[in-house]
Amino acid sequence: MSEGDAYGLDARAVGRSFDRASAQYDDAAVLQKQVREELLDRLQLVAFEPRVVVDLGCGTAHATRALRDRYRAARVVAIDLAPRMLAAAKERMGWFRRFDRVQADATRLPLRAGCVDLLYSSLMLQWAPDLDAAFAEVRRVLAPRGYFTFTTFGPDTLGELRAAWAEVDDYVHVNRFVDMHEVGDALVRAGLADPVMDVERITVTYADVRGLMRDLKSIGAHNVAAGRPPGLTGPGRLRKLEAAYERFRRDGRLPATYEVVYGQAWAPGHEPPKRARRGEATIDVGSIGRRQR
Ligand SMILES: C[S@@+](CC[C@H](N)C(=O)[O-])C[C@H]1O[C@@H](n2cnc3c(N)ncnc32)[C@H](O)[C@@H]1O
């Protein structure tokens, strides 16, 4: 994180937060489940047989397990910053000889260059303190023709919560999320090829603000930004927040909007899909195919 950046994230604090959340993560991570399943579905359109698959920011390893079941010949590596997430991952995976667990920061991967055929990462990148450093690592570890598929959050995420807090104080309460175009630029800067991205908005609704705050806490999404308020949120400020959030209430429920960015890119040297019209890409039919479930 750059010095003096109120939105800067401390990777150690992020790791501690997810460590504490590991036991209850699955119960609260409803949106994360939906996004992860969509990303896994999209991956089915890419027909290839990876030998080494990495689930980066694996959390409790639901996707790791799905990837293991799908690519049975592959060596599957689950990587996460939080040791207790990796412990939960181990439980989920059960006994499986080609499953590796690695505790590491996405910006410093203990993997040799060019060894990963498929790098999958769902809703981890928004926690990486330095997106350029994370993408440089992705680029470094991807094998020739390697494929990177990921999701992250865009700037409209939790916009209601951000706006409501802005009426209460000037501290940072909601992380800064990077715009899809900036993510694309960062992929290109890292030397990754043919980035493709799109965005989906998902709204989760709550009876009250406390429900939303509880969910964020349960999944480990604590406020660890450098510009967070000192100390705990007192009842007075919480009441002000609740009052400010009320203006978003629709049909008796409070919305929390998430802007989910889906992205993919290839290791350089991959044969680029031919461009058709502006904004459209044609892909060699030989390179795609549906797998049987
Ligand atoms: C929101 S959870 C997503 C977990 C899982 N991918 C899923 O879809 O449910 C984010 C995960 O990323 C991990 N994480 C956060 N920052 C990381 C970093 N810099 N390097 C590696 N893992 C990180 C957290 O510990 C947490 O398990």
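Determine the sum of side-chain charges near Ala88: Lys and Arg each +1, Asp and Glu each -1, restricted to other residues whose C-beta is under 11 angstrom from that of Ala88. Neighbour charge sum, excluding Ala88 itself: 0.
Dipole magnitude for the stretch 82-174: about 940 debye, using +1 per Lys or Arg Cβ and -1 per Asp or Glu Cβ, origin at the Cα centre.
A full extension of the chain between Asp69 and Gln44 corresponds to an added length of 7.7 nm, given 0.36 nm per residue minus the alpha carbon distance.
To the nearest ten degrees, helix 30-43 and the longest principal axis of the Cα atoms of the chain are 20 degrees apart.
Build a GNM of the chain with springs between Cα atoms under 10 Å apart, and of Pro144, Pro235, Pro83 the one that fluctuates most is Pro235.
Which value at 222 nm does the chain reach when only helices count, each DSSP H run of 4 or more adding -39,500 (n - 2.57), with the total divided by all residues and rounded to the nearest 500 deg cm²/dmol?
-10000 deg cm²/dmol
Treating each Cα of the stretch 1-125 as one equal point scatterer and applying the Debye formula with no solvent, the log10 of I(q)/I(0) at q = 0.21 Å⁻¹ comes out as -1.28.
Please get the size of the charge dipole for the chain, origin at its Cα centre, with Cβ charges of +1 on Lys and Arg and -1 on Asp and Glu, quoted in debye to the nearest 20. About 1020 debye. Net charge near Asp185, counting Lys/Arg +1 and Asp/Glu -1 over other residues with Cβ under 11 Å of its Cβ? Combined, the nearby Lys, Arg, Asp and Glu give -2.
DSSP assigns beta bridges within the stretch 1-118; of those with both partners inside it, close to 10 percent run antiparallel.
Other residues whose C-beta falls under 14 angstrom from the C-beta of Leu142 contribute a net charge of +2, scoring Lys and Arg +1 and Asp and Glu -1. Taking the chain as the region of interest, the number of lysine pairs whose Cα atoms are within less than 24 Å, with members eight or more places apart or on different chains, is 4. Beta-bridge orientation, the chain: approximately 55 percent antiparallel, per DSSP, counting only bridges with both partners inside.
Dimensions of the chain based on its C-alpha atoms, expressed as ranges along the principal axes with the largest first, amount to 59, 48, 41 Å.
Every number in this text was worked out from the coordinates using simple rules, so none of it is lab data. Quick caveat: nothing in here was measured; it's all calculated off a predicted structure. Virtual Cβ from ideal backbone geometry, glycine too; neighbours counted across all protein chains shown.
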